[in-house]
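**Q** One structure coming up, written as structure tokens, with questions to follow.
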Amino acid sequence: MSKKYILNFHQKATEKPITYLLVKNFDIKINIISAKIEAGEAGTLILEMNGKRLDEAIAFIKAEGVDIHRMSEEIELDRDLCVDCGACTAVCPVGALTINHRTAEVELKPDLCVACGMCVKACPRRAISLSI
């Protein structure tokens, strides 16, 4: 079963081949969901990882000076609180939240969500939450 993680690289850690070493040394299958990272600058990488040695791989990432956190697995939209204003859809980078043009309601596609949390911050009614 794949799990999503967010990796926050400090400036010096971006010069290390972390993803290559995860595949080579730990036989981890990686799906890069989002990457905002450049050599020599702090950055963020969102990965979906799967493998039998995942715990060892996570320990390796931490030992390399990279902050790693498991991402939320589920996004929830509270229809009782939602007023379908669309603020969440404007900030969703992957289209997991959209406006249905026929009904004018916010629609949630949880399988597309990368759990970035932008929608949670944007929702004026606090109708969206991420759970682990």
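**Q** Kindly indicate which of G43, G51 is in contact with a Phe, Trp or Tyr (Cβ under 9 Å, 6 or more places away or on another chain), farther than 17 Å from I28 by Cα and not assigned by TED's automatic domain parsing to the domain that holds M118.
**A** Checking each option against the conditions leaves just G43.
**Q** Now for a different question. Quick check on segment 29-58: of everything there that is in a loop (DSSP other than H, G, I, E, B) and at pLDDT 90 or above, which residue is nearest to M1 (Cα to Cα)?
**A** Across segment 29-58, the extreme among qualifying residues is G51.
**Q** Same structure, new question: Looking for whichever is modelled with pLDDT under 95, of a type outside the set (D, E, K, R) and not assigned by TED's automatic domain parsing to the domain that holds F9 here; the options are A96, A104, A127. Which one fits?
**A** Testing whether each residue is modelled with pLDDT under 95, of a type outside the set (D, E, K, R) and not assigned by TED's automatic domain parsing to the domain that holds F9 leaves just A96.
The values are calculated or read from the model by the stated rules, or taken from the named source; none is laboratory data. These numbers were taken from a predicted model, which means no experiment stands behind them. Here the Cβ is made from the backbone with ideal geometry for all residues, glycine too, and neighbour counts use every protein chain on show.
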